[in-house]
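The values are calculated or read from the model by the stated rules, or taken from the named source; none is laboratory data. All values derive from a computational prediction rather than experimental measurement. FYI the Cβ positions are ideal-geometry reconstructions off the backbone, even for glycines, and counts take in every protein chain you see.
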Amino acid sequence: MHVLKLAATRPGGREAWGNGCFHESSCQNVKRLILNYCITCRLNEVNPFDYLTALQRNAAAVKASPADWLPWNYTQADPKSVPG
């Protein structure tokens, strides 16, 4: 999928992101963080839910060595986290 098309994609549709606190500047940073997280996972062909689950289950290892737990290499740090 093209990078610009991914950047234009909004999880949950426009209604989920276009109202509420996401118009306020303090919440815009949260919106950007979530959107960047989803785009990074999708570009690396990683399911965002599976990735977050692996991070939560291995919190101590993530804290000790965060570079080993990026979306593109977390399955090498913990082979049990490979879905399927």
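Here's the yes/no breakdown for (1) of a type in the set (A, V, I, L, M); (2) in a helix (DSSP H, G or I):
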site	(1), (2)
Arg32	no, yes
Asp50	no, yes
Ala54	yes, yes
Ala61	yes, yes
Trp72	no, no
Inside the stretch 52-84, can you point out the residues that are over 21 Å from Ile34 (Cβ atoms), modelled with pLDDT of 90 or more and among the basic types (Lys, Arg)?
Lys63
